[in-house]
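One structure below.
The values are calculated or read from the model by the stated rules, or taken from the named source; none is laboratory data. This one's a predicted model, so the numbers in the text were calculated from it and none came from an experiment. Ideal geometry is used to build each Cβ from the backbone, glycine not excepted, and the neighbour counts take in all protein chains shown. The protein model used for the area step is the full one, side chains on, heavy atoms only, and it has no ligands, DNA or RNA in it. Shrake-Rupley method; radii C 1.70, N 1.55, O 1.52, S 1.80 Å.
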Amino acid sequence: MTAVATAPGPAAASSVIDSAIDPAADPARVELVLRRIDQLPTLSPIAQRVLSLGSADEAELADIVRIIESDPALTGRILSLCRRAEHGLGERITTVERATVMLGFEAVRSAILAVAVFDVMAGDGARIEERDDAGGFQRDGFWKHCIASACAAEAIARAHAELRVPPEEAFVCGLLHDLGKLALDFVLPKSYGRVLRMAEQRRLSAAAAAKRIIGLDHHVAGKRLAEHWSLPTVVRDAMWLHGQPAESLADLPHAATIASVTAGRDAARGLHLGWSGEHDAPPDAADSALRYGLDPDRVQEVALALPAAMSERCGDLGLDAPDSPTLLMEAIARANGWLSETNLQLRQTAASARRQRTLLDAVSRFHRASLVGESVLGATAAAAHSAAGVLGASTTGALLKQGPADPWQFVFVDERGGITGTTRLAAPAEGDGIEAVVRQAAAGDVALGATPLADWLAQTLPDGADPASWRLLPVACDWDRDAPDAVLVHDGQPAGDDLQPLIATWATAIHAAARHDRSRRLSERLADANRALREAQERLAESESMVRLGRMTAGAAHEMNTPLAVISGRAQLLDATLENAEARSAAAAIVDAADRLSGLITTLHVFADPPHPSPAAVPLAPLVRHAVDALRAQLGGAIEVATSLDPSIQDAIVDKELVGRVLLELCRNAAETGSRVSVAARVDPIDDMLVLEVSDAGPGLSEKALKHAFDPFFSEKPAGRQPGLGLTLARRLVDLLGGGLSIENARTGGAVATCTLPGWRPPGGPDTAGEDLVSQHPEAVG
């Protein structure tokens, strides 16, 4: 065999290029691969000299014969190929000179090209197969496939003489059409091994898999190799464009040759002759013939004779030459293997489809569940219930942390997706806390029994829980975001990668519930703020009204007090000096009216210049009794007043004068109904405020009275009967004390005024907030 000149180092650099290949098909990296193809071994010197001679008209016959006969081994193989190419000549072709004269220079040159390329690629291929990074490229089977394709292309060209395709040209193009695959395996054995595995696993063509992994296919690699070797244009186009749709070849000068090569390749693949590296469905030879304008019957005859022709040519090129029956048996075995692989993939695809359908059904059921307005707890429970159905779990729950500042809790979920309870989880005794433990255990769907979390949960959760048999499935674990962290707990099968869409659905629902919760809390806070703002505006309006009233009072009080003093004094003198009873009664009425007007001015002065509270410890019972006595003195008659004081309240830190005045005004307002008055004192268990309640048994207040009860000078009594400042004054005094005053109709009838006072409890006194210590002790005051 002819010695081959090789370029140094294509294999040495292949691992570097392998690591540079990216599925994104970076043009710079693709160009790097093509440059490595340019460094592949060159053809033998004899083949280069013969190819450089051009046509027979440009060279002397003796020169051509002398160049070829300089290599006796090459001469023998070329003569063998030439005899196979034209069976009619038989043994008459015995010398290179005779072959060149009888067959023509182009036929002899094609034979030389076939032998030279085969020697280069097959020789280095044997060395590649011995390397550790060989990717499983089946070179012996590949060459058999190439020879089968070449024999078929040659026979198709001969059977379709009207195409005017030289059979020897079709043979060479068929032999070299897939050489780009071998070139890629030379420079990228690891990456091309991945290409072949992807093609096998996904039933793809080698070109489609190569584009995904390497970024270019064997068509482009073959074109670059043909250019590197300066092969004839027709050979280059056949290596580059074979398999292209027939309509895209219409304007090419070598369209008929490329069609013959494509049909020959399809015939070889259809019979499973050799190994092509293709794993998509093999094309039908008759269909392929129709697509490229060939006669299906003649192509079918070529396919029937292909094993015998292939057997002869394998021996001519130095491959093992099995007989035709052996080739047929190998083809049948290869076809059966392909069918077995296809059936296996179909079964796997069917199983995957069933699994996907199950997951889609789970997604559909989860979406059909009414999760609108659901809380984070409810959404997490729904996700756990969905996981139980998909993973075949009998026990489900979740580890949930609703926010960065919230504690971890364990959520128990029953078989219907309901929450049976929650348990707040304290941090483990050792380590960085529960989050570190959960992060360690929740890196994936892992068995909980293999983590420190199992023993800790067994000690934390109620009796009956068996964490050792559980698995953790992280669903919504963002850790660093202001969002819930949820890890489902189940005792079913491990979750596969195909569960990711469903997991994403669960996470979306949990995050949506968290956003809804935040929105709801924000709405509630906004409503509270609106109420507080409205109340503040009302208090501000009332305060401004009181300020205006106070300013008016401050200006009028001085001007009114002096005339009132004169009127009252002169009336008293008249009352003392007059002897007529009627005149004395009139003078007494003047004195009384002047006193009432003076009292009104005094009351208004409280608004103009409010007093400063002076809280001190005051016994509550005497304070209430004093207010009741003052009421009796003012009304000048017996009135029934009942008190109900919490016995736990002994002393209260309040302003004695102001609180007493508030109680007096409230009692007087209640006594005007003419019914029994009740005074109660208790402690609010929620905020520990002192609550003073004054109620009556009258008909209650009208809607108008409830709305304007605290307005200055408001009264539903006839004009002149009441000044309408009692409740207004009481509200003003309570505001000074930092408390609140409200009035409403009681359910049992009558009206009740409620005064709340903060900060009443003496220092060191017992804290009874939240305890039901209120007892009723009515007593008649008379």
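R0 = 35 Å: FRET efficiency of Ala458 with Ala350, Cβ-based, nearest 0.05? Working shown, then result.
Values: r = 42 Å, r/R0 = 1.20.
After rounding to 0.05, the efficiency reads 0.25.
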Accessible surface of Trp240 - all protein chains present, 1.4 Å probe, nearest 10 Å²: 90 Å²
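Ranked by accessible surface with a 1.4 Å probe, highest first, in what order do Leu725, Leu252 come?
Putting Leu725, Leu252 in descending order of accessible area: Leu252, Leu725.
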Under a crude label model (7 Å from the Cα following the beta-carbon direction), how far is Glu31 from Val446 in nanometres? 4.7 nm
Label-zone membership for the range 666-702, site Glu716, 7 angstrom Cα→C-beta point, backbone N under 16 Å: 669-675, 696-702
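Given a Förster distance of 30 Å, report the FRET efficiency between Ala504 and Asp406 from their Cβ-Cβ distance, rounded to the nearest 0.05.
On the way: r = 23 Å, r/R0 = 0.78.
After rounding, the FRET efficiency stands at 0.80.
Could you give the length gained on full extension between Ala616 and Ile567, defined as 0.36 nm per residue of separation minus the Cα-Cα distance, in nm? Each step should come with its number before you reach the end.
Numbers: separation 49, 0.36 × 49 = 17.64 nm, distance 4.03 nm.
Contour length minus Cα-Cα distance gives 13.6 nm.
Restricting attention to the range 488-544, which GluC sites (Glu not before Pro) occupy a DSSP loop and are surrounded by at most 15 other Cβ atoms within 10 Å? Walk me through the numbers before you get to the answer.
Details: sites: Glu524, Glu535, Glu538, Glu542, Glu544; in loops: none.
Loop-located and lightly packed - none at all.
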If R₀ is 60 angstrom, what is the calculated FRET efficiency for the pair Asp497 and Ser702, using the beta carbon separation as r and rounding to 0.05? 0.25
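What GluC sites (Glu not before Pro) in the range 654-756 are in a loop by DSSP, with at most 13 other Cβ atoms within 10 Å of the Cβ?
On the way: sites: Glu657, Glu665, Glu672, Glu693, Glu703, Glu716, Glu744; in loops: Glu672, Glu716.
Loop-located and lightly packed - Glu716.
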Work out, step by step, the length gained on full extension between Asp284 and Arg584: first 0.36 nm times the residue separation, then minus their alpha carbon distance; give nm to one decimal. 94.2 nm
Which cross-chain or sequence-distant (5 or more) residues have an amide H under 5 Å from the amide H of Glu640, H modelled 1.01 Å from N in plane? Val677
At 0.36 nm per residue, and after removing the present C-alpha to C-alpha distance, how many nm does the segment from Ala541 to Asp297 gain when stretched out fully? 77.4 nm
Label model pair Asp414, Ala576: point-to-point distance (7 angstrom along the Cα→beta-carbon line) in nm is 9.1 nm
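In what order, largest first, do Ser386, Ser519, Ser230 sit by accessible area if the probe radius is 1.4 Å?
On the way: Ser386 20, Ser519 65, Ser230 90 Å².
Greatest to least solvent exposure: Ser230, Ser519, Ser386.
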Amide hydrogen neighbours beyond the local backbone of Met689, cut-off 5 Å, H modeled: Asp684
Virtual spin-label span in nm between Ala529 and Leu736, 7 Å along Cα→Cβ: 3.5 nm
Tell me which residues come under 5 Å, amide H to amide H, from Asp491 once H is placed; ignore anything under 5 positions away on its chain. Ser394, Thr395, Arg471
PRE zone check, label point 7 Å out along Cα-to-Cβ of Ser469, amide N under 16 Å, scope the range 390-408, hits 392-397
